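Take a look at the structure below.
A short reminder: the numbers here are calculations on the coordinates, not readings from a lab. The model shown is predicted, which means the values in this text are computed figures rather than measured ones. Reconstructed Cβ throughout: ideal geometry from the backbone, glycine too, with neighbour counts over all protein chains shown.
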Number of protein chains: 2
Amino acid sequence: MEFSSKIIEQAVNTFAQLPGVGKKSALRYVLHVIKQSNEEAEQFAHLINKLKTDLKFCNSCHNICESDVCGICANPARDHSTLCVVQDYRDVMAIENTGLYRGTYHILGGLISPMDGVGPGNLNVDTLIQKIAVGEVKEVILALNGTMEGETTCFYVFKKLAPYTITLSTIARGIAVGDELEYADEVTLGRSITNRVPFNTMFTVK
Amino acid sequence: MEFSSKIIEQAVNTFAQLPGVGKKSALRYVLHVIKQSNEEAEQFAHLINKLKTDLKFCNSCHNICESDVCGICANPARDHSTLCVVQDYRDVMAIENTGLYRGTYHILGGLISPMDGVGPGNLNVDTLIQKIAVGEVKEVILALNGTMEGETTCFYVFKKLAPYTITLSTIARGIAVGDELEYADEVTLGRSITNRVPFNTMFTVK
């Protein structure tokens with residue numbers, strides 16, 4: 001694409017760095033910003049700066065927050081003996097939205113994926129082990145994606161945590177609520193049968 | 001969606017104002033910016049500000065440029081007697097990329113679309129008529145989308161320009177190069193037959 005203005009070109013290239021955004025979409029966004037009022041565009045630029053200056057990562061769980069420790073870790077009403085290991089901030093949001101979990105979190109910051117150049121060293125596993133070593137945590141729930149990368153990371157974390165006397169579990173894999181059995185893949189259906197749940201525990205909220 | 005941080009929430013809402021971006025994509029973009037280096041994020045914010053402060057609209061054709069008159073209007077080598085009327089900046093880019101047009105442009109800034117609240121008054125039609133009234137322009141080419149909105153706008157501009165002694169044309173509607181006849185819709189195929197082109201003029205570059 002050839003642009004009549006250097007500024008548009010730079011702006012398009014910058015927007016195109018966002019995940020899943022190509023040059024055509026980037027140009028649409030740039031033209032939208034040009035059409036915005038001065039105040040709106042200033043506010044946009046200001047918020048992008050603020051994302052870097054005002055946000056921190058929680059010292060304990062690596063969640064994104066505005067202070068040194070996030071609201072969940074600092075909350076004495078949460079169950080600090082249960083730790084849920086997740087990939088990133090969006091998973092914390094998703095689990096919080098269920099309203100069914102009262103423990104704390106630990107964010108790995110990614111999944112092991114040699115294809116994308118992410119190895120175990122790039123994940124927040126050391127701080128997880130340090131946290132377990134203190135002894136306060138009794139149960140660790142691995143809540144990672146059901147993908148190859150998620151399963152690999154699950155297994156890696158499981159191996160690392162094996163020496164400690166804690167309860168280790170992973171979230172259940174199975175048929176999604178509302179899904180039909182006949183369309184489920186064999187692996188998922190197989191797992192949902194192997195890991196079947198006694199009927200009376202199914203609706204119990206912990 | 002519930003966010004743990006007010007800044008993230010504001011940033012997500014701002015990104016979600018971009019055309020075609022929902023809250024989920026906006027959150028992906030925000031998390032991407034948080035992961036960027038300070039310099040990258042600063043540059044991003046700086047460019048957004050620059051889009052508003054450094055860019056202007058051409059006094060003559062309403063194209064986006066960095067000075068009062070755009071490079072195309074200021075270029076004496078372009079044919080100023082031919083004017084191509086387009087919807088927006090992207091259409092100028094698209095036509096320039098063909099390398100087959102040496103005239104100038106006039107950007108309407110939109111298409112008549114009552115559904116989106118865009119009426120004839122919102123388009124740059126008055127400045128178009130002023131330009132025609134000067135008498136330098138001999139031919140006007142309407143290069144608007146083949147949609148309902150494009151055709152409506154085409155007809156509106158045609159009516160407005162009818163009193164002036166200029167050649168008025170629209171770009172040809174027909175079968176795209178590389179397309180197969182059997183998959184073309186009837187209206188397009190019908191038009192391509194009605195507006196058939198003498199064989200020897202087909203490959204002539206003006």
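Determine, from the Cβ-Cβ distance of residue A:196 and residue B:38 and an R0 of 51 Å, the FRET efficiency 1/(1 + (r/R0)^6), rounded to the nearest 0.05. Intermediate results must be reported in sequence, preceding the final value.
Working: r = 51 Å, r/R0 = 0.99.
Efficiency, rounded to the nearest 0.05: 0.50.
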Summarise the partner chain shielding of B:22-29 as one whole number: the mean count of Cβ atoms from other chains within 10 Å of each residue's Cβ. 3
Taking the label point as lying 7 angstrom from Cα along the Cα-to-Cβ axis, what are the distances from residue A:102 to the corresponding position in the remaining copies, in ascending order and in nanometres? 8.0
Within the stretch B:1-24, backbone nitrogen closer than 11 Å to the virtual label 7 Å beyond the Cα of residue A:66 toward Cβ: B:4-10
Mean separation of Cα contacts under 8 Å (6+ apart) over length of chain B, as relative contact order %: 13
Could you work out which residue, out of A:57, A:44, A:158, moves most in a Gaussian network model of chain A, that is, has the largest mean-square fluctuation with Cα springs under 10 Å? A:44
In vacuo Debye scattering of the stretch A:77-171, one point per C-alpha: log10 I(q)/I(0) at q = 0.14, 0.16, 0.17, 0.20 Å⁻¹? -0.47, -0.62, -0.70, -0.97
Show me, for the stretch B:8-20, the HN-Hα J-couplings you get by feeding each phi into the Karplus relation (A = 6.51, B = -1.76, C = 1.60, θ = phi - 60°), rounded to Hz, glycine and proline as x. 4, 4, 5, 5, 5, 4, 5, 4, 6, 7, 5, x, x
Nearest to the axis that maps chain A onto chain B: list the chain A residue whose Cβ wins, with the distance in whole angstrom. A:45, 2
Rounded to a whole number of µm²/s, how large is the Stokes-Einstein D of chain A at 20 °C and 1.002 mPa s, given Rh as the Kirkwood radius over C-alpha pairs? 105
Using just the C-alpha positions of the stretch B:6-53 as equal point scatterers, what log10 of I(q)/I(0) does the Debye formula give at each q in 0.13, 0.14, 0.31 1/Å? -0.31, -0.36, -1.11
From the phi of every residue in the stretch A:36-46, what ³J(HN,Hα) in whole Hz does the Karplus formula 6.51 cos²θ - 1.76 cosθ + 1.60 yield, where θ is phi - 60° and glycine or proline is x? 5, 6, 4, 5, 4, 5, 4, 4, 4, 4, 4
Taking 22 Å as R0, compute the FRET efficiency from the Cβ-Cβ separation of residue B:17 and residue A:46 and round it to 0.05. 0.95
Suppose you put the label 7 Å out from Cα in the Cβ direction; list, shortest first and in nm with one decimal, how far residue A:175 is from each other copy's label. 5.1
Kindly express, to the nearest 10 degrees and within the range 0 to 90, the angle between helix A:23-35's C-alpha long axis and the longest C-alpha principal axis of chain A. 60
Semi-axes of the protein assembly as shown's equivalent ellipsoid from the Cα gyration tensor, sqrt of 5 times each eigenvalue, largest first, rounded to whole Å? 57, 27, 18
Could you work out which residue, out of B:168, B:142, B:18, moves most in a Gaussian network model of chain B, that is, has the largest mean-square fluctuation with Cα springs under 10 Å? B:18
Relative to the longest principal Cα axis of chain A, at what angle does helix A:148-161 sit, 0 to 90 degrees, rounded to 10? 50
Say the cut-off is 21 Å between C-alpha atoms; which of B:131/B:160; B:6/B:50; A:6/B:52; A:160/B:24; B:6/B:35 go over it? B:6/B:50; A:160/B:24
Treating the point 7 Å from Cα along Cα-beta-carbon as the label, what are the nm separations from residue B:90 to the other copies, to one decimal? 2.4
